[in-house]
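Every read-out reported here was derived from the displayed coordinates using simple, explicitly stated rules and does not represent laboratory data. Quick caveat: nothing in here was measured; it's all calculated off a predicted structure. With ideal geometry, Cβ positions are generated from the backbone for all residues, glycine too; neighbour counts draw on all protein chains shown.
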Amino acid sequence: MAQTAGIINSSSIRVFLGTTDASEVVVDHVTECSISMSTDMRDITTKTSGGFRELLPGLKSASLSLSGLFAEDTTNGYNQLIDHQIAGAKLFIVFTNTGAGAAGNAGDEQFNVEGFITSLEQSAGVEDNVGFSLSVEVTGTVVREVIS
Amino acid sequence: MKVTLQKPLNNYGWKWPAGKTVEVSNKFAAKLKKGGYLDATEQKDIKKKTTPKI
C-alpha cells in the first residue's frame, strides 16, 4: 500500500500493545488516544546574549494516553492493562494508522515505543458506560518509523 | 491486522485457543505466520486440467 493522501480520519489511529516486543495487540474499545513528545530546554544565556534568553535542547521524553469503554471479555482491555500495572510490566507499544482496514497502512509512519503504566483509572457514573483511562510514560528511544 | 489462529498460542505474553480472531500489529502478524499459527493465506497453484486426446 502507498502512503495515505490527505488529512487522516482520526478513527484510523490505533494503539497496539503487549509485554514482549513485536507482539502487540490492539487495545479494545478505545474512544480517544494521544501521544506527546517534549524536549526540555537548557538555558545557555550569558552576559553576551544581548538581553535575550538563549536555549539548547536537552532531555527528550514522551507519554501516551488513551481512554476507552470497559468490558470484561476483552482480548486486550482494562483487565489486561491492570494486570500489567500491578506486575510493573514494560509495555511495547505501536501507535499506528490502520487506514480503512485493520492493519497498519504500509507507507505511512507510526510510533514504536516502550513504556510503563503510570496511571489507569476506571470510572463509572449513573446509567452510563463504564470507562477507563490509561497513561504511559515512555522509556528509552522514541522511534518514528515507516510502516512495513 | 486481523488474524485467526489455527493452533493454540501460549507465548509472547498471550494465551489464546485455536480459532480465536485477534487484531495484531503487522510485526506480530509476521511473527505468528512464521510460527505457523495462522491460516494459510497463500493460494495454492491450480493444476491445469488436461483433456485426453481422443
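Please count how many residues of the stretch A:120-138 are within 13 Å of the chain's Cα centre (by Cα) and either closer than 14 Å to A:Leu17 by Cβ or without any contact (Cβ under 8 Å) to a residue 24 or more places away in the chain (or both). So that I can check it myself, show each step before the final result.
Here is the first cut: in the stretch A:120-138, the ones within 13 Å of the chain's Cα centre (by Cα) are A:133-138.
Cutting the leftovers down to either closer than 14 Å to A:Leu17 by Cβ or without any contact (Cβ under 8 Å) to a residue 24 or more places away in the chain (or both) gives us A:134-138.
The qualifying residues number 5.
Could you list all residues from the stretch A:70-96 that are under 17 Å from the mean Cα position of the chain (by Cα), more than 12 Å from every other protein chain (Cβ to nearest Cβ) and either of a type in the set (A, V, I, L, M, F, W, C) or buried (at least 22 other Cβ atoms within 10 Å of the Cβ) (or both)? Can you show your working first?
So in the stretch A:70-96, the residues under 17 Å from the mean Cα position of the chain (by Cα) come out as A:76-78, A:80-82, A:84-85, A:89-96.
So of that shortlist, the ones also more than 12 Å from every other protein chain (Cβ to nearest Cβ) come out as A:77-78, A:81-82, A:85.
Within the stretch A:70-96, A:Tyr78, A:Leu81, A:Ile82 meet the criteria.
Any residue at all in the stretch A:56-64 that is closer than 25 Å to B:Trp16 by Cα, away from chain B (no Cβ under 14 Å) and touching a residue at least 60 places away in the same chain (Cβ under 8 Å)?
Scanning the stretch A:56-64, I find no residue that is closer than 25 Å to B:Trp16 by Cα, away from chain B (no Cβ under 14 Å) and touching a residue at least 60 places away in the same chain (Cβ under 8 Å), so the answer is no.
Scan the stretch A:1-35 residue by residue and report those that are part of a loop (DSSP other than H, G, I, E, B) and free of Cβ contacts under 8 Å to residues at least 24 places away in the same chain. Even if it seems obvious, please write down each step before you answer.
Step one: of the stretch A:1-35, the residues part of a loop (DSSP other than H, G, I, E, B) are A:1-9, A:19-24, A:27-29.
Those that are part of a loop (DSSP other than H, G, I, E, B) and free of Cβ contacts under 8 Å to residues at least 24 places away in the same chain: A:Ala5, A:Gly6, A:Ile7, A:Asn9.
Could you please find all residues in the stretch A:83-97 being in contact (Cβ under 8 Å) with a residue 40 or more places away in the chain and outside any strand (DSSP E or B)? Before you say what the answer is, go through the steps one by one.
Filtering the stretch A:83-97 for residues in contact (Cβ under 8 Å) with a residue 40 or more places away in the chain gives A:84, A:89-97.
Within the stretch A:83-97, A:His84, A:Ala89, A:Lys90 meet the criteria.
I'm trying to understand the selection: among the residues of the stretch A:97-121, which are more than 11 Å from chain B (Cβ to nearest Cβ) and among the aliphatic types (A, V, I, L, M)?
Selection gives A:Ala100, A:Val113, A:Ile117, A:Leu120.
Do any residues in the stretch B:23-39 that are facing chain A (nearest Cβ under 7 Å) and assigned to a helix (DSSP H, G or I) have Cβ atoms under 9 Å from those of residues that are surrounded by 15 or more Cβ atoms within 10 Å (Cβ to Cβ) and acidic (Asp, Glu), where the two are at least six apart or on different chains, and which pairs are they?
Here the result reads B:Lys27/A:Glu24; B:Phe28/A:Glu24, each pair linking the stretch B:23-39 to a residue that is surrounded by 15 or more Cβ atoms within 10 Å (Cβ to Cβ) and acidic (Asp, Glu).
Based on this model, can you work out whether A:Ser38 counts as touching a residue at least 24 places away in the same chain (Cβ under 8 Å) and within 14 Å of chain B (Cβ to nearest Cβ)?
No; evaluated as a whole, the condition is false for this residue.
Within the stretch A:1-35, how many residues are more than 20 Å from A:Glu109 (Cα to Cα) and away from chain B (no Cβ under 14 Å)?
Pass one, the stretch A:1-35, residues more than 20 Å from A:Glu109 (Cα to Cα): A:19-20, A:28-31.
Filter once more, keeping what is away from chain B (no Cβ under 14 Å): A:31.
Number of matching residues: 1.
Condition check ((1) part of a strand (DSSP E or B); (2) under 23 Å from A:Ser12 (Cα atoms)) across all residues:
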site	(1), (2)
A:Lys60	yes, no
A:Thr75	no, yes
A:Gly99	no, yes
A:Ala102	no, yes
A:Asn112	yes, yes
A:Val138	yes, yes
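The conditions are (1) touching a residue at least 40 places away in the same chain (Cβ under 8 Å); (2) more than 21 Å from B:Trp14 (Cα to Cα), and A:Asn76 fails exactly one of them. Which is it?
(2)
How many of the residues in the stretch A:72-89 are under 14 Å from A:Phe16 (Cα atoms), in contact with a strand residue (DSSP E or B) (Cβ under 8 Å, 6 or more places away or on another chain) and not hydroxyl-bearing (Ser, Thr, Tyr)? Before you say what the answer is, go through the steps one by one.
Keep residues of the stretch A:72-89 that are under 14 Å from A:Phe16 (Cα atoms), which gives A:74-78, A:80-81.
Filter once more, so that each one left must be in contact with a strand residue (DSSP E or B) (Cβ under 8 Å, 6 or more places away or on another chain): A:75-78, A:81.
So of that shortlist, the ones also not hydroxyl-bearing (Ser, Thr, Tyr) come out as A:76-77, A:81.
Here the count works out to 3.
Quick one: A:Phe52 ticks every box in (1) surrounded by 10 or more Cβ atoms within 10 Å (Cβ to Cβ); (2) in a loop (DSSP other than H, G, I, E, B) except a single one, so which number is it?
So A:Phe52 meets the others, but not (1).
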